[in-house]
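Quick notes on the structure that follows.
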Amino acid sequence: MQQIFNFLIRNKNNILFLLLLVLSLFLTIQSHSYHKSKFISSANFVTGGIYGWANGVQSYFHLEEYNKRLMEENKQLHNLLAATKDSITLETITDSSSFNSVYKFRVAKVINNNYSKIDNYITIEGGKNSGLKTEDGVITSQGIIGIVDKVTNNYARVISILNSETKINAQLKKSDHFGSLVWDGKDPNMIQLIDVPRLAPVKQGDTIVTGGKSLIFPQGIPIGTIVDFKLDGNESYYTINIQLFNDMTNIGYVYVIENKIKAEIKELESVDD
Amino acid sequence: MTNTIITNTLRFIFLILLQVLLLNNINFLGYVNPYLYVIFLVLYPFNTPQSLFIIVSFLLGLTIDTFEDSGGINAAACLVIAYIRPTILRFSFGVSYDYQTVKLSSTPYGARLGYVMILVFLHHLILFTLEMFDFSHSFLILKKTLFSGIFSILLILIGLSLFKPKRR
């Protein structure tokens with residue numbers, strides 16, 4: 001017994017080092033696997049509070065920009081309203097902005113935004129108390145931002161689309177050919193759409209929108225335009241470079257979308273198994 | 001003694017806030033950020049028990065990680081630095097370290113520069129390797145280590161010369 005204690009005391013630095021190293025590597029590995037990074041996040045009382053305080057100072061410098069975006073969005077909504085009144089067939093307006101009541105929108109403020117790393121996260125002000133849930137979609141008036149990943153009482157962490165772990169279903173606006181949205185970690189304004197079948201009519205400048213296969217985002221939310229594209233190794237799928245509509249380096253306010261029937265659909269799908 | 005504790009606690013808090021609120025948002029050329037908080041590991045008193053230093057360094061890295069949502073990469077990098085700092089010190093300053101007489105402000109400039117450079121580049125290499133977590137990105141890892149490292153070293157050297165302890 002005495003010898004064991006002596007051994008522990010003599011090697012206490014090494015043991016301490018190894019223990020903490022295993023702990024930090026565990027946290028690192030966990031952060032690299034999707035749906036598991038739950039222990040350490042910036043969506044807590046202290047970090048959220050500090051980010052919120054700092055953002056309160058910074059946000060004044062962007063007010064003009066945010067106002068412009070709001071006016072632009074109002075213009076679009078007014079146009080849509082006018083078009084809806086005039087047209088005879090209401091069914092023609094099934095564009096991005098006319099969602100049925102399956103989805104509920106909430107507003108949140110971005111208080112921290114990363115875009116220079118491989119795995120980027122966004123912290124927003126708004127949590128359980130304002131009705132946010134994990135796996136809610138996050139968008140702005142211009143395009144998609146990411147998916148809510150962890151929620152605390154007053155703050156939430158969002159996995160940005162600029163994260164190597166995200167895979168979002170997206171499609172061409174003109175045809176219904178779809179693929180997965182991934183990020184290669186290079187340019188924060190450029191994102192990649194992979195696994196688009198060769199038959200799809202891909203053209204430079206075409207718009208990419210969210211697809212209907214996702215329970216997180218409504219179909220038809222704008223993402224970006226095609227910059228260039230190439231066939232992959234075995235010449236059967238396209239890899240497409242997309243220029244985002246959103247400026248990911250300056251986000252401001254976001255909408256958080258809740259899909260009210262998500263649980264029901266998931267339950268239905270799990271019956272098959 | 002109490003003076004040292006207070007100085008290091010304040011330095012700990014100040015460096016974390018500076019890092020997460022200001023320096024992480026620089027993104028020079030899109031990805032180059034300085035990690036000035038490493039100066040805490042550079043300046044931490046040489047003659048304190050090493051187990052305490054290991055714990056404090058781990059906490060420093062973990063706090064930065066919590067703010068950055070980066071898992072445990074900063075914690076791991078700081079931990080390794082804390083563990084091998086005595087070796088680096090012996091390598092940089094030679095015999096005077098062994099007799100616990102070395103003071104950072106009174107060391108020759110070349111040795112001090114070497115000490116800071118080894119510490120920073122090692123820290124950044126571990127940090128970015130764990131961040132990418134993929135050896136197919138090794139060129140990007142080296143590029144980030146080099147550029148962010150130079151930026152950090154410059155800021156740390158400026159910091160060291162600005163906040164020199166007063167002569168008594």
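The values are calculated or read from the model by the stated rules, or taken from the named source; none is laboratory data. Just so it is clear, the structure is predicted and the values come from calculations on it, not from any experiment. Cβ placement follows ideal geometry from the backbone for every residue including glycine, while neighbour counts extend to all protein chains displayed. SASA here: full protein model, heavy atoms, side chains in, ligands and nucleic acids out. Shrake-Rupley method; radii C 1.70, N 1.55, O 1.52, S 1.80 Å.
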A versus B: buried accessible surface, summed, Å² (probe 1.4 Å, to nearest 100)
2900
Over the stretch B:38-168, what percent of the accessible surface lies on carbon and sulfur atoms, probe 1.4 Å?
70
Report, to two decimal places, the Cα Rg of the stretch A:189-273 normalised by 2.2 N^0.38 Å (N = number of residues).
1.35
Listed peptides A:55-65, A:179-189 by packing density, highest first (mean Cβ within 10 Å)
A:179-189, A:55-65
Between A:ASN6 and A:ILE265, what is the label-point separation in nm under the 7 Å Cα-to-beta-carbon projection?
6.8
Between the helical axis of A:262-271 and the dominant principal axis of chain A, each derived from Cα atoms, what acute angle in degrees is found, rounded to the nearest 10?
80
Using modelled backbone amide H atoms (1.01 Å from N, in-plane), which distant-in-sequence or interchain residues come within less than 5 Å of A:SER42's amide H?
B:ASP69
Over 31 Å between alpha carbons, listed pairs A:LYS68/A:LYS104; A:LYS133/A:LYS173; A:LYS150/A:LYS213; A:LYS104/A:LYS230; A:LYS104/A:LYS203; A:LYS75/A:LYS104
A:LYS104/A:LYS230; A:LYS104/A:LYS203
Average other protein chain Cβ within 10 Å of Cβ, residues A:13-22
6
With R₀ set to 60 angstrom, the calculated FRET efficiency between the beta-carbons of B:LYS103 and A:LYS133, to the nearest 0.05, is 0.60
Label zone at A:TRP53 (point 7 Å along Cα-to-Cβ), backbone N below 16 Å, the stretch B:1-44
B:10-22
Would you mind computing Rg(Cα) / (2.2 N^0.38 Å) for the protein assembly as shown, counting N as its residues?
1.15
Top mean-square fluctuation among B:GLY71, B:GLY61, B:GLY149, Gaussian network model of chain B, C-alpha springs under 10 Å?
B:GLY71
Mind checking the stretch A:181-273 for GluC sites (Glu not before Pro) that DSSP puts in a loop (not H, G, I, E or B) and that have at most 12 other Cβ atoms within 10 Å?
A:GLU235
Taking 0.36 nm per intervening residue step and subtracting the Cα-Cα distance, what contour gain separates B:ILE84 from B:LEU154 on full extension?
23.0 nm
Chain B: relative contact order from alpha carbon pairs under 8 Å, six or more residues apart, as a whole percent, is 23
From the phi of every residue in the stretch B:137-142, what ³J(HN,Hα) in whole Hz does the Karplus formula 6.51 cos²θ - 1.76 cosθ + 1.60 yield, where θ is phi - 60° and glycine or proline is x?
9, 4, 5, 5, 4, 5
Average partner chain C-beta neighbours within 10 Å, per residue of B:106-115?
0
Long-range amide H partners of A:TYR237, meaning residues 5 or more apart or on another chain whose placed amide H is closer than 5 Å, are A:ASP232
Accessible solvent surface per residue of the protein assembly as shown, calculated while the other protein chains remain in place, 1.4 angstrom probe, Å²:
53
Per residue of A:218-229, other chain Cβ atoms within 10 Å number on average 0
Determine ³J(HN,Hα), in whole Hz, for all residues of the stretch A:140-152 in sequence, where each value follows from phi through the Karplus function 6.51 cos²θ - 1.76 cosθ + 1.60 and θ = phi - 60°; x replaces Gly and Pro.
10, 5, 9, x, 8, 10, x, 10, 5, 10, 8, 10, 10
Sequence order, the stretch B:29-39: Karplus ³J(HN,Hα) from phi using 6.51 cos²θ - 1.76 cosθ + 1.60, θ = phi - 60°, Hz rounded, Gly and Pro as x, gives 6, x, 9, 8, 10, x, 10, 5, 4, 4, 4
Residues whose built amide H sits under 5 Å from the amide H of A:ASP136, excluding neighbours closer than 5 in sequence, are A:VAL148
Efficiency of FRET from Cβ geometry, A:ASN74 and A:ILE29, R₀ 56 Å, rounded to 0.05:
0.75
Two-site FRET efficiency, B:ASN25 against A:LEU63, from Cβ-Cβ distance with R₀ of 25 Å, rounded to 0.05:
0.85
Helical mean residue ellipticity (222 nm; -39500 (n - 2.57) per DSSP H run of 4+; nearest 500) of chain A:
-9500 deg cm²/dmol
Highest-MSF residue in chain A out of A:MET71, A:MET190, A:MET248 [GNM, Cα springs under 10 Å]
A:MET71
